[in-house]
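Read through the structure below, which is laid out as structure tokens, and then see the notes.
The values are calculated or read from the model by the stated rules, or taken from the named source; none is laboratory data. None of the values given here were measured: they were computed from a predicted structure. Here Cβ is always computed from backbone atoms with ideal geometry, including for glycine, and neighbour counts include all displayed protein chains.
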Amino acid sequence: MPLKVSVVVPVYNPGTDIDRCIESLLGQTLSPDEFEVVFVDDGSTDETPARLDKLAEEHSNVRVIHIPNSGWPGKPRNVGVDTARGEYIQYVDQDDYMAPDALRRLYELGSRNGADIVIGKVVSNWRGVPISVWKTTRHKVTIRDFPLWDSLTPHKMFRKTFLEEQNIRFPEGKRRLEDQLYMIQAYFPAKAVSILGDYTCYYYWRRTDKNNAGSAPIDPVGYYDNLRDVLQVVEDNTEPGAFRDKILRRFYRTEMLGRINDASLLKYLPAYREELFREIRKLALERMTDGVTAGLPALLRMKASLLMAGRLDELVTLAERCRAIKARTPLESVSWSDGRLKLRFDAYLQREAGAGEEVLAVHQEDGKYYLDPALSEELLDWHDGYLGNELRSARVDVSIRDRETAAEWLIPAKVQLTYDERTATDTGDGHRTSVRIRGSVTVDPERAAGGRPLGKGIWDLWARVVLVGFDQRVRLGTSDVAALQDGCLPALLGQQNLLVVPYFTEGHDNLSLDVDRRGKTLAKAVGGRAWTPLPAAGREIELAAPIVHPMGSPAVSAKLVLLNEDDPDAAPSHVVPAALVADQSGRARMVATLRRLPLSPDSRWRVSALLDGDERPAVIVGQLDVDARGRANLAGAHRISRSTLLARRLAGEVVTYPPARRVARTLVGHAPSAVRTRLRRFAKATLAKIVKQ
């Protein structure tokens, strides 16, 4: 049977860093007779060659090829492709790994769409990834209708006949940007590219020695000579104009201006900084036209202007000014609604100014907006900071990221740019006003991971703020935890009662979600929160729990422990079965019955709840008082008749449960007009009386 996929892995002295890679490839859900793994050992001098040979003996779908050391991944990858027998080629690096169902999903998506290239969702625990590429699954795109140039690493799936027909091969020998050259050569002739956005396929993982490929400092001369080859491919496949400018602008922004951004430029040693600046400027003068520069944000245009003019000292000064500007995203509210966590936030840029801080302002003159002239003072004419339509594209991208696996998912946010006129000041030739982005986002833990529930772990909330040329990633947090603490209730969600605990990190006050008891039990999450006694009948007791539990969710088993506080040594504690049930309020209600329980008259009992099993610590939820006649009542609650209790619950069902509301509306709707009026009046008065009770 023809193989579906050949996985090509270049290998050189990986040590134990290859363990995770091997385990992930052997653990694929795709049948072993449908794919092969081709390890190409590039002259390793450690124990890896022998280990791989043994692996091939044990697994029929593993092959090992040994070649003399070439010094770079290009040749091993080419050798692997030449011998591959699969319909598709998947590249994997030795220190990375793939998710269990990745090969099957990628192959099926590519095969179904006749794709030449299939791009799987990538995450990383040490390098940035273009998360917006995987915002959604896309079945067929090309470089002309989607910005594929945002993803230029080769860890993708390629149809082998496509590579052969287009003669697409990696450059061999040591050189930088060979990945980008390979990908840009592949994107232009590709007639169909599929993108798998709803499943994390590939993990860039940091080596134990932190010496991943691409992490070493670049040699400016060689690096930008290699970049010229990439830019030449772009120019060879495009005509002068907007499309070419858009692609070149990506390389100008990331590989050139990005190398001399604020943080990087200021940490370089002077000699290296000058060499890097010189090589970038040389290439910019050769390739970057006015059309390319015109599409940059105002701040980058200013930096490009200083670059082109050879004014390194002024560029350093601008970098120092920009370094003092930080994005802030304070939360304004946190609340649960229908099992979803709703967040409202404010996003802005803040600049350290003397002894304090101030929100970065924009300058307005004759109806036009400009960057704050203080940024360019004595460097450039402040009119060079004209923002044009740039403010319209201001945005905040919110994502949720697993702290351990680095899996990350975008969460759609609603944002609106606002001008804070309270901060407006007259400058004589216009006025300054601060700009903010007001936003809201809804996190659905049951669907946030590509339509599936969030996995067990600690999930951090991140925000990428893109505003007036600044592009920064920061955590969503607060400076006033106490004001938002009431909204951070733990929640039991879905048919599996998934425990989700929102909390603010200690010392930083950033918002995170603990999912499925990764670090927080339900007892720990409700510790210190109030349980409210509810009216009950007979020997039943009920408490409103500080736990979100939407209607329709199944009951959760628990236990109540009663300890005689008057004489704890004389009477043993009682353990009573209980349950957390969904209430029409969207919160959990703890219910239990004390019938046939021997409770001494005139006694007082401390009531605690076991929420996480018998071995977990109990949480104190109230006090039970037993009168001289043996009647038990929770402190703070009052007794009501069973008929009143039943009526109240039925009323609650009618008010909050959609099917009940529909039935009630149907019955009332078929009655004569006069009867409908009397029924509505009677129902309104009755409900008011029940609620008042």
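Some notes on this structure:
- Check on residue 202, among the hydroxyl-bearing types (Ser, Thr, Tyr) and either under 22 Å from residue 92 (Cα atoms) or at pLDDT below 95 (or both): yes
- Within the range 385-400, tally of residues that are assigned to a loop (DSSP other than H, G, I, E, B) and in contact with a Leu (Cβ under 9 Å, 6 or more places away or on another chain): 2
- When 33, 46, 42, 53 are screened for being among the acidic types (Asp, Glu) and within 16 Å of residue 170 (Cβ to Cβ), only 42 passes.
- Matching option when the condition is at positive phi and either in contact with a strand residue (DSSP E or B) (Cβ under 7 Å, 6 or more places away or on another chain) or buried (at least 21 other Cβ atoms within 10 Å of the Cβ) (or both), among 457, 477, 487: 457
- Residue satisfying all of: in the range 597-626; of a type in the set (D, E, K, R) and either assigned to a strand (DSSP E or B) or touching a Ser or Thr at 6+ places or on another chain (Cβ under 9 Å) (or both); farthest from residue 534 (Cα to Cα) among these: 616
- Looking only at the range 158-194, residues that are touching a Gly at 6+ places or on another chain (Cβ under 6 Å) and more than 30 Å from residue 221 (Cα to Cα) come to 2 in all.
Condition check ((1) closer than 22 Å to residue 161 by Cα; (2) in contact (Cβ under 8 Å) with a residue 24 or more places away in the chain; (3) out of contact with any strand residue (DSSP E or B) (no Cβ under 7 Å at 6 or more places or on another chain)) across all residues:
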{"residue": "10", "(1), (2), (3)": "yes, yes, no"}
{"residue": "15", "(1), (2), (3)": "no, yes, yes"}
{"residue": "20", "(1), (2), (3)": "no, yes, no"}
{"residue": "33", "(1), (2), (3)": "yes, yes, yes"}
{"residue": "48", "(1), (2), (3)": "no, yes, no"}
{"residue": "83", "(1), (2), (3)": "yes, yes, no"}
{"residue": "102", "(1), (2), (3)": "yes, yes, no"}
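- Flag for residue 311 being of a type outside the set (A, V, I, L, M) and under 24 Å from residue 129 (Cα atoms): no
- Residue count for the range 242-271, restricted to those that are loosely packed, with under 13 Cβ neighbours inside 10 Å, in contact (Cβ under 8 Å) with a residue 12 or more places away in the chain and either on the phi > 0 side of the Ramachandran plot or over 27 Å from the mean Cα position of the chain (by Cα) (or both): 1.
- Among the residues of the range 196-218, some residue qualifies, meaning at least one is buried (at least 16 other Cβ atoms within 10 Å of the Cβ) and under 24 Å from residue 310 (Cα atoms).
- Those residues of the range 115-142 which are over 16 Å from the mean Cα position of the chain (by Cα) and free of Cβ contacts under 8 Å to residues at least 60 places away in the same chain, in sequence order: 138, 139, 140, 141, 142
- Single condition residue 15 does not satisfy, out of (1) out of contact with any Gly (no Cβ under 9 Å at 6 or more places or on another chain); (2) closer than 26 Å to residue 118 by Cβ; (3) surrounded by fewer than 19 Cβ atoms within 10 Å (Cβ to Cβ): (2)
- Qualifying residue in the range 397-404 (condition: surrounded by fewer than 18 Cβ atoms within 10 Å (Cβ to Cβ), outside the structural domain of residue 201 (by TED's automatic domain parsing) and without any contact (Cβ under 8 Å) to a residue 60 or more places away in the chain): yes
- The residues in the range 537-555 that are within 16 Å of residue 585 (Cβ to Cβ) and in contact with a Leu (Cβ under 9 Å, 6 or more places away or on another chain) can be counted, and the count is 11.
- With respect to the conditions (1) farther than 16 Å from residue 339 by Cα; (2) without any contact (Cβ under 8 Å) to a residue 24 or more places away in the chain, residue 527 falls short on a single one, namely (2).
- Within the range 499-526, the set of residues being more than 19 Å from residue 614 (Cα to Cα) and either assigned by TED's automatic domain parsing to the domain that holds residue 549 or surrounded by fewer than 22 Cβ atoms within 10 Å (Cβ to Cβ) (or both) comprises 503, 504, 505, 506, 507, 508, 509, 510, 514.
- The number of residues in the range 598-617 that are closer than 21 Å to residue 545 by Cβ and at pLDDT below 90 comes to 5.
- Counting only helices (runs of 4 or more DSSP H) that sit completely within the range 253-325, those holding 2 or more residues that are under 21 Å from residue 230 (Cβ atoms) correspond to 270-287, 290-294, 298-308.
- The sole residue among 567, 602, 627 that is without any contact (Cβ under 8 Å) to a residue 40 or more places away in the chain, surrounded by fewer than 20 Cβ atoms within 10 Å (Cβ to Cβ) and on the phi > 0 side of the Ramachandran plot is 602.
- Any hit, the range 363-380, residues being in a helix (DSSP H, G or I), free of Cβ contacts under 8 Å to residues at least 60 places away in the same chain and in the same structural domain as residue 461 (by TED's automatic domain parsing): yes
- Subset of the range 127-160 (residues that are within 23 Å of residue 448 (Cα to Cα) and among the aromatic types (Phe, Trp, Tyr)): 134
- The residue of the range 340-351 that is farthest from residue 549 (Cα to Cα), among those that are in contact (Cβ under 8 Å) with a residue 40 or more places away in the chain and surrounded by fewer than 22 Cβ atoms within 10 Å (Cβ to Cβ), is 348.
- Residue in the range 327-350 that is farther than 22 Å from residue 436 by Cα, more than 26 Å from the chain's Cα centre (by Cα) and not aromatic (Phe, Trp, Tyr) present: no
- Of residues in the range 527-562 being touching an Asp or Glu at 6+ places or on another chain (Cβ under 7 Å) and at pLDDT below 95, the one surrounded by the most Cβ atoms within 10 Å (Cβ to Cβ): 536
- Test result for residue 225, charged (D, E, K, R), outside any loop (DSSP other than H, G, I, E, B), touching a helix residue (DSSP H, G or I) at 6+ places or on another chain (Cβ under 9 Å) and more than 30 Å from residue 454 (Cβ to Cβ): yes
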